[in-house]
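Below is one structure, written out as structure tokens; the observations come after it.
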Amino acid sequence: MSVSDPDATPEDTPPARGASVIEAALATAPAAPGVYRMLGPRGEALYVGKASVLKKRLAAYTQPARLPERLRRMVAATATVEIITTHTEAEALLLEANLIKRLAPRYNIVLRDDKSYPWLLLTEDHPFPQIAKHRGARVRKGSYFGPFASAWAVNQTVTAMQRLFLLRSCADTVFASRARPCLLYQIRRCSAPCVGRISEADYAALVDQAKTFLTGRGAALQRDLAAEMEAAAAALEFERAARLRDRIRGLTHVQASGVVNPASVQDADVLAVWQIAGQSCVQVFFIRGGRNNGNRAHFPTHAASAEAAEVLAAFVAQFYDDKPPPPLLLLNHALPEQALIAEALSLKAGRKVRLSVPQRGEKQAVVAHAEINAREALERRLAEAAGQRQQLEALARLFALPAPPQRIEVYDNSHIMGTNAYGAMIVAGPEGFVRNAYRKFAIRGPVTPGDDFAMMREMLSRRFARALRERSERGEDAAWPELVLIDGGAGQLSAARGALAELGIEDVPIVAIAKGPDRDAGREWLHTAGRPPLQLPPRDPLLYYLQRLRDEAHRFAISTHRSGRARALTESELDSIAGIGAARRRALLNHFGSARGVRQAGLADLEAAPGISREIARRIYAHFHPDAHLSD
């Protein structure tokens with residue numbers, strides 16, 4: 001359900017007009033739990049809220065004079081109110097968190113977390129399960145343990161599991177092709193099931209022990225191994241007893257308790273918020289099975305007046321929108337509506353989730369440790385931001401910009417003699433690189449080898465044509481740079497200016513950074529329109545900043561080109577064959593190891609591949625051997 005004011009204008013809308021829109025929505029709002037959305041005149045999300053009684057909550061917005069300044073501005077900008085009812089307030093809280101994270105409304109506390117978290121996977125679709133790092137959808141059958149804060153944390157755990165339980169980490173295709181043990185067997189990090197050095201039953205016992213350890217029952221496992229070691233020694237099986245002794249020592253080392261490995265906490269997340277100068281950092285520690293799976297700092301966006309407990313409550317609701325919450329959350333602040341948040345998380349998890357603010361003991365020490373990490377991370381961020389602001393101010397002075405740029409876009413391209421041509425755009429601002437705004441451009445037009453100008457024109461034309469469309473649809477909220485940097489000299493500058501001029505864009509400053517003589521870093525020339533090229537002193541901090549921007553764009557362009565070229569080398573030959581889709585391509589690559597292996601395979605081998613019919617096999621063979629005569 002929605003109510004809107006068709007006469008609302010974007011600028012200087014009085015609070016009374018927005019209040020009248022809300023009052024009109026109030027007339028039909030139900031006295032039930034649900035979620036409401038305040039939308040601006042272009043349909044942009046201004047605010048998302050939840051209520052146990054929608055009618056009562058919306059009534060509070062019809063008297064702007066009683067609201068804080070931030071909400072008065074929100075009411076003034078409101079042109080439409082949309083309402084969604086739910087069965088319970090807990091369901092409303094979950095829906096609110098989902099919408100806030102997806103829409104990023106201007107007046108909400110927003111967690112901008114675009115990174116997925118890695119998990120540890122023990123596969124269950126092979127006689128000898130593999131231990132591996134996993135990220136993304138859980139499409140493979142197996143047991144998943146995590147999450148982990150970083151790839152480094154999960155890699156460390158995989159290494160420990162290899163040493164403790166001798167589980168294989170190789171892919172199934174590598175496992176099937178082994179004829180003798182690999183190096184991991186020699187350094188005692190694998191039991192070499194690929195060549196029969198361990199039976200399936202004994203390997204399954206190792207897998208069971210690994211699951212016991214990962215589910216937090218390491219102490220019981222250690223006792224069992226100690227009894228097994230004593231029995232082996234009594235039977236004079238000293239080599240086996242020594243191997244068991246080494247595993248027990250490894251378990252003891254991994255399970256060593258401390259502040260970051262609390263013995264009294266099995267499965268919990270530790271969340272601590274710290275505030276300085278109107279900004280917040282939330283530090284999250286993942287503890288699973290009594291082990292620390294790492295930590296990560298988050299910096300939610302919010303109004304400077306937001307209190308720490310309010311920020312932490314919004315963070316908790318949004319953070320677990322796309323990941324399962326553990327049974328226990330340890331916090332450094334009691335949350336407003338803490339019981340409701342616990343109920344909502346329990347509803348999402350399908351079991352009881354408890355929120356606690358410990359006051360003493362080991363759990364309180366863990367929370368204090370997370371709080372210290374949050375404070376230090378925020379201090380580092382503020383220090384970096386201060387240096388960043390100084391560079392942006394110097395940049396504005398150097399290129400006569402009206403104000404320090406809030407969004408800088410840097411462009412570069414990469415190709416090999418015109419093939420696999422890609423362009424790349426990176427974005428930087430007051431808080432450093434904005435990696436979720438990076439963009440890749442697969443160059444569509446024919447590229448003459450060495451014609452970087454044409455690639456730059458196409459890239460900028462596509463990016464700014466799209467930006468113009470977004471600007472006309474969403475107004476000034478569309479992403480628009482205050483400065484464009486390109487890698488190149490006067491020729492690239494002319495090409496870039498020409499591309500923008502064709503779109504009618506004359507107000508975006510463009511700077512081309514050309515390498516100095518002999519491509520010497522530190523002697524770059526800066527080209528801008530209407531003034532002669534200039535050089536900065538070799539040790540000027542602003543020059544280092546510009547070099548860093550250019551190098552990041554170059555790095556991103558190179559990595560984009562390499563990944564595109566790798567895809568072309570492995571997939572293009574198979575993609576061009578009629579009847580070969582993603583599933584058959586994957587089956588062929590898994591069976592033969594590579595596109596080259598498919599090309600070299602005989603007709604009988606192709607027919608024997610899983611999922612490949614006789615007709616498809618003949619079609620593949622004919623594609624790679626057009627002169628071959630295939631009898632019916």
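Each value in this text was obtained by applying a stated rule to the coordinates, not by laboratory testing. As the structure is a computational prediction, the values presented were derived from the model and not from experiment. Because the Cβ atoms are built from the backbone with ideal geometry, glycine has one as well, and the counts that use them run over all protein chains shown.
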Nearest-0.05 FRET efficiency for Arg140 and Ser563, computed from C-beta distance (R0 22 Å):
0.45
Subtracting the Cα-Cα distance from 0.36 nm times the residue separation, let me have the gained length for Ala437 to Glu124 in nm, one decimal.
108.9 nm
Quick check: the distance between the Cα centres of the range 372-413 and the range 105-136, to the nearest angstrom?
31 Å
Sequence-separation-based contact order of the range 268-379, relative, with Cα cut under 8 Å and 6+ spacing, percent:
33 percent
Please find the FRET efficiency linking Asn590 to Arg70, where r is the Cβ-Cβ separation and R0 is fixed at 51 Å, and quote it to the nearest 0.05.
0.40
So, counting K/R as plus one and D/E as minus one, what does the shell of residues with Cβ under 11 Å around His333 add up to?
-3
Summed over the other residues with a beta carbon less than 12 angstrom from that of Arg178, with K and R at +1 and D and E at -1, the charge totals +2
Taking the Cα centre of the range 70-196 as origin and charging only Cβ (+1 Lys, Arg; -1 Asp, Glu), how large is the dipole, in debye to the nearest 20?
600 debye
With each label point set 7 Å from Cα along the Cα-Cβ vector, what nm distance links Lys515 and Glu337?
5.6 nm
Around Leu221, under 11 Å between beta carbons, what's the net of Lys plus Arg minus Asp minus Glu among the other residues?
+1
Quick check for me: using +1 on Lys/Arg Cβ and -1 on Asp/Glu Cβ, what's the dipole size of the chain about its Cα centre, in debye to the nearest 20?
1160 debye
